[in-house]
Each structure stands twice: as structure tokens, then as C-alpha cells.
Amino acid sequence: MLIEGDGAAVDRAAILAATGPVAAALAGHAEVVLACADRGHFVRALLAAWSVGAIVTLPSNLLPATLDQHAGLRVHDGGHAGGLDVRTLAASAAASDGIVVPGARTCVRLFTSGTTGVPKAIDKAFAQLLGEAEQLVRRFDLAGARV
């Protein structure tokens, strides 16, 4: 379950239904620069990009000058010129069984903050992201906790 910014809960089926049209719009794009401020739009765009095999770039901030430094289709939820505004894509009525992400392939490119110089890119595979999340759950005793 995902809690939207307005406090409304959105279940897995609704997220997957909203992901389908975004995935269709992203088909054929190898790289996506994700610039969504709303976490609901962010999750839908992230899952959609992964479902079409795109590498997702997560810039260090959402300033236009920062976004312009990255290659790939800009995917946003308003406030940015060009690219794909995910708010314009209606949820699909078609059901989805889920999204399969290859574990060993790079799926996301993160950036350091740049506080000590130019932000540095860090490529991560899905398996690494999952392993890091599992490690945090164990380290901070979060099993079963709602975070």
C-alpha cells in the first residue's frame, strides 16, 4: 500500500493500473530521468520505466539546470518543460500481474549530493537495492514495521 501526499491510501492494483499507460509511453526509451515530486507519481513512473527495461536516473535535485545535465527522457509530474508529464496519462482498466525487474542489470543511477564537489553517479542493480533494503530492515529492526 502507498500513502499519497493527501493521506489517501492506494493499493497495489491501483498502482499497477496507473503504471500501464506510463509504461506504454516509455516503451523504446533506454534511459529515463525521473523528476516527480509526488511519491505516487514517482512510484508509478519508476515501476513503468523498470517494466520496459529503462535505466532510471535519479538526479541530486529537481532544478531545471540539474535535469538538463542528464540524458534520457524527462518524466515528471508538472513544473518541468518537455518530456512526459505522467499526470496526463489516465489509469488503465486492464489488470496487471506485476512487474518483473532483472536482478543483475543496472536499473537505477543515483547521485551523491555534490556537497564536496560535482555529484558522482552510482549505478545500482535491482538486486543491490533489494539487498540494501533488507540490510536496513535487519540493522534497524524494522521487520513488520510500517515505514
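The values are calculated or read from the model by the stated rules, or taken from the named source; none is laboratory data. From a predicted model like this one, the values you see are computed outputs, not experimental measurements. Heads up, the Cβs are rebuilt from the backbone with ideal geometry, glycines too, and the neighbour counts pull from every protein chain shown. Quick note on the areas: whole protein, heavy atoms, side chains included, nothing else; ligands and nucleic acids left out. Shrake-Rupley method; radii C 1.70, N 1.55, O 1.52, S 1.80 Å.
Tell me whether region 67-78 contains one or more residues that are over 15 Å from the mean Cα position of the chain (by Cα) and at positive phi. Looking through region 67-78, at least one residue is over 15 Å from the mean Cα position of the chain (by Cα) and at positive phi.
Here's a check for you: in region 116-147, which residue that is closer than 16 Å to ASN61 by Cβ and open to solvent by 90 Å² or more (accessible area, probe 1.4 Å) is modelled with the lowest pLDDT?
Here the residue is VAL118.
In this structure, is ALA49 touching a Leu at 6+ places or on another chain (Cβ under 7 Å) and buried (at least 17 other Cβ atoms within 10 Å of the Cβ)? Criteria met by ALA49. Answer yes or no: is there a residue in region 107-115 that is closer than 24 Å to ALA17 by Cα, open to solvent by less than 60 Å² (accessible area, probe 1.4 Å) and assigned to a strand (DSSP E or B). Yes. Kindly establish whether VAL56 is out of contact with any Asp or Glu (no Cβ under 6 Å at 6 or more places or on another chain), farther than 13 Å from VAL33 by Cβ and at pLDDT 90 or above. In short, no.
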